[in-house]
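S.K.: This is the structure I want to talk about, given as structure tokens.
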Amino acid sequence: MDTHRVLVTGLRGFVGSTLAGRARASEMSIEVSGLLDGDGKAIDIRDQPRVADAVAALQPTAVIHLAAIASPRDAQAEPGAAWAVNVMGTFNLAQAVLQHAPKARFVFAGSSEAYGASFLHQEEPLREDAPFQPQSVYGATKASADLMLAQMVREGLRATRFRPFNHTGRGQTAAYVASAFARQIVRIERGWQEPVMVVGNLDARRDFLDVRDVADAYLLAAMCSDENCVGDFNLATGAPVAISELLDALVALSPVSIDVRQDPTLMRPSEIPVISGNPDKAKRQLAWQPRVSLNEMLREVLGGWRELADQDGRQLKG
Ligand SMILES: Nc1nc2c(ncn2[C@@H]2O[C@H](COP(=O)(O)OP(=O)(O)O[C@H]3O[C@H](CO)[C@@H](O)[C@H](O)[C@@H]3O)[C@@H](O)[C@H]2O)c(=O)[nH]1
């Protein structure tokens, strides 16, 4: 069996660590490595010569590019770093692949946030041909990197540009809604918080995926041997869920009784009401589909926080 040598940037992050686990469990022979120098030290994606050396030395069969300033809030706070990492970092890596491993697949984790204002006044889940109208620094960097890679395909880069929608799972930080809610539920279960959950906007609707389904899409594209995998693909369910439904489903998974209080400071000004993507292209061309149900996904998020609480409550008690 051929071994796939897959270089993964951002390997230690939330999606990267899930992906590494999925690769280990796979029946295929997949060797995953991070972006490291000869001494095993992490390489900064902005350091073009060292990125090129690492790609030349490893000769990967595929590159999965996850490393980024991945939090929209961080990107807003440090736009210079966000442009340097998310756009020029992506360029350094893609250029290194073109020069030193031109046959390798290049899998890019973009974002639904690239579509931005295209979600406004839109009844149907968006398709890939919807215009990029990013509204945030983060969305603009992801849209730009996506366009840049589309151009590099003309130079020979075998790039799959994914646009994942909201995803969650075990190990996600409490910056994101499902994980924030689950953390509070576990705190309440342990008696570390009064039985009142503090929440923001419950009316927004979002398109939620389990991180394992997202990681599997990246691996599938990395292993793909035909040209159907070159292009842009939404990773979404097409079935948006109200944050209130997500909250109810999570609370129903806990034996404790919980009240809910809306905190005005958690409400975001001018928030997009519905964000949803049409996944038909990925289903048709990549034979990908989301497999994990909403309930299974939420069970996993809760399970992750309960495990942390058992091991070491510090992350939950504060
Ligand atoms: N974080 C958070 N969100 C809350 C809360 N209460 C309600 N919400 C609402 O829950 C929704 C989802 O919020 P997030 O999980 O923070 O995700 P996001 O703003 O949609 O952004 C994420 O998804 C994008 C894809 O649509 C990604 O592009 C982006 O990077 C990020 O992962 C938003 O409408 C937010 O207002 C809360 O306590 N915490």
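The values are calculated or read from the model by the stated rules, or taken from the named source; none is laboratory data. The shown structure was predicted, so the numbers you read here are calculated from the model rather than taken from an experiment. Note that each Cβ is placed from the backbone with ideal geometry, even for glycine, and that neighbours are counted across all protein chains shown. Calculation scope for accessible area: heavy atoms of the full protein, side chains included, ligands and nucleic acids excluded. Shrake-Rupley method; radii C 1.70, N 1.55, O 1.52, S 1.80 Å.
Yes/no per residue for (1) within 15 Å of the ligand (Cβ to nearest atom); (2) without any contact (Cβ under 8 Å) to a residue 24 or more places away in the chain; (3) closer than 21 Å to GLY16 by Cβ:
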site	(1), (2), (3)
ALA145	yes, no, yes
GLY156	no, no, no
ARG212	no, no, yes
VAL230	no, no, no
LEU235	yes, no, yes
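S.K.: Tell me which of these GLN76 doesn't satisfy, since it passes every other one: (1) surrounded by fewer than 20 Cβ atoms within 10 Å (Cβ to Cβ); (2) under 21 Å from ALA159 (Cα atoms); (3) touching a helix residue (DSSP H, G or I) at 6+ places or on another chain (Cβ under 6 Å).
M.R.: So the condition that GLN76 fails would be (2).
S.K.: Then there is this: Looking only at the stretch 211-235, which residues are open to solvent by less than 10 Å² (accessible area, probe 1.4 Å) and part of a helix (DSSP H, G or I)?
M.R.: Listed by number, the residues that qualify are VAL211, ASP213, VAL214, ALA215, ALA217, TYR218, ALA221, ALA222, CYS229.
S.K.: Could you list, in sequence order, all residues of the stretch 252-273 that are within 14 Å of the ligand (Cβ to nearest atom) and either among the polar types (S, T, N, Q) or touching a Leu at 6+ places or on another chain (Cβ under 9 Å) (or both)?
M.R.: VAL260, GLN262, THR265, SER270, ILE272, PRO273
S.K.: Examine the stretch 21-28 for a residue that is touching a residue at least 12 places away in the same chain (Cβ under 8 Å) and among the acidic types (Asp, Glu), and state whether such a residue exists.
M.R.: No, the conditions are met nowhere in the stretch 21-28.
S.K.: Here's a follow-up. Please name all residue pairs, on different chains or six or more residues apart, with Cβ atoms under 6 Å, provided the first residue is in the stretch 299-318 and is aliphatic (A, V, I, L, M) and the second residue is open to solvent by 90 Å² or more (accessible area, probe 1.4 Å).
M.R.: Within 6 Å, the pairs are LEU308/GLN315.
S.K.: Within the set of pairs 6 or more residues apart or between chains, which connect a residue that is within 11 Å of ALA204 (Cα to Cα) and part of a loop (DSSP other than H, G, I, E, B) inside the stretch 264-275 to a residue that is at pLDDT 90 or above and within 6 Å of the ligand (Cβ to nearest atom) with Cβ atoms less than 8 Å apart?
M.R.: Sorted first by the residue in the stretch 264-275, then by its partner, the pairs are MET267/GLY200; MET267/ASN201; ARG268/GLY200; ARG268/ASN201; GLU271/ASN201; GLU271/ALA204; ILE272/ALA204; PRO273/ALA204.
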